[in-house]
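Here's the structure we're looking at; comments come further down.
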Amino acid sequence: MKPLIVVSSKTGNTRIIARALQDGIENCDYVEAAALPQDLSAYNPVVLCFWCDRGMAPEDMQAAARRIKGKDIACYATMGGDPDNPKAKDWMHRTSSALAEAGEGNTLKLEFLCRGRIDPELFDRMTEMMGGKVTPEREARRRESETHPDRLDTLAVVQVYHLIFGE
């Protein structure tokens, strides 16, 4: 059995994390969520790499997760907010648990949340919804996210994987 990395990425943030994992894990396969193979018998664990889409995992990742059965699951996600914020951690746990439970007999083994750049189009839409004004705090969060994922983030994702799966 070998690991399978399944990725859904809109802006490229999550793909950076997934590729770092691919480079850091020996003998693994990598696939986009929409192209998940029918036969997953050769894979364990299955690593789900996704982004925060309207407060949940994106639809292509949810669809892929429903097809996974009897696997150890590792979840890696990116979001524009602070990954150490309790609300962000709660989101990550709820979303990872839901993805693992979407299939049958899966075991959630790892959750890792990382800051990522905010899609400028999304930022503009949210700004418009909030009355067109950007608070200094919101602008500071956006600026902080612009530099992520960075080299330290990519090192951390691999380190955590090896810590949990020992490979």
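Give me the pairs: first residue in the stretch 53-76 and closer than 22 Å to residue 165 by Cα, second residue of a type in the set (Asp, Glu), beta-carbon distance under 6 Å, and six or more apart or on different chains, which are they?
69/104; 75/111
Tell me, which residue of the stretch 97-114 that is of a type outside the set (Ser, Thr, Tyr) and not in a strand (DSSP E or B) is surrounded by the fewest Cβ atoms within 10 Å (Cβ to Cβ)?
If we take residues in the stretch 97-114 being of a type outside the set (Ser, Thr, Tyr) and not in a strand (DSSP E or B), then 105 is surrounded by the fewest Cβ atoms within 10 Å (Cβ to Cβ).
Any idea how many residues of the stretch 70-127 are at positive phi and among the acidic types (Asp, Glu)?
0
Would you confirm, using the coordinates I've provided, whether residue 65 is over 24 Å from residue 148 (Cβ atoms), in a helix (DSSP H, G or I) and of a type in the set (A, V, I, L, M, F, W, C)?
In short, yes.
Would you call residue 84 of a type outside the set (A, V, I, L, M, F, W, C), surrounded by fewer than 19 Cβ atoms within 10 Å (Cβ to Cβ) and within 26 Å of residue 166 (Cβ to Cβ)?
yes
Can you tell me which residue among 94, 66, 138, 117 is over 21 Å from residue 8 (Cα atoms) and among the charged types (D, E, K, R)?
138
Out of 19, 117, 94, I need the residue that is outside any strand (DSSP E or B) and at pLDDT below 95. Which one?
Residue meeting the stated conditions: 117.
Please state which one of 17, 68, 73 is crowded, with 21+ Cβ neighbours inside 10 Å and in contact with a Lys or Arg (Cβ under 8 Å, 6 or more places away or on another chain).
Only one candidate passes the filter, namely 73.
If you check residue 30 against the conditions, is it among the aromatic types (Phe, Trp, Tyr), surrounded by 15 or more Cβ atoms within 10 Å (Cβ to Cβ), within 23 Å of residue 144 (Cβ to Cβ) and touching a strand residue (DSSP E or B) at 6+ places or on another chain (Cβ under 9 Å)?
No; evaluated as a whole, the condition is false for this residue.
Looking at residue 22, is it among the polar types (S, T, N, Q) and under 23 Å from residue 160 (Cα atoms)?
Judged against the criteria, residue 22 is a match.
Based on this model, can you work out whether residue 89 counts as touching a strand residue (DSSP E or B) at 6+ places or on another chain (Cβ under 9 Å), modelled with pLDDT of 95 or more, surrounded by fewer than 19 Cβ atoms within 10 Å (Cβ to Cβ) and part of a strand (DSSP E or B)?
The answer is no for residue 89.
Just to be sure I understand the filter: pairs with C-beta atoms under 9 Å, separated by 6 or more residues or on different chains, first member in the stretch 147-161 and more than 16 Å from residue 26 (Cβ to Cβ), second member surrounded by fewer than 16 Cβ atoms within 10 Å (Cβ to Cβ). Which pairs pass?
154/23
The values are calculated or read from the model by the stated rules, or taken from the named source; none is laboratory data. None of these values were measured; they are calculated from a predicted model. So basically every Cβ, Gly included, is an ideal-geometry build from the backbone, and we count neighbours across all protein chains shown.
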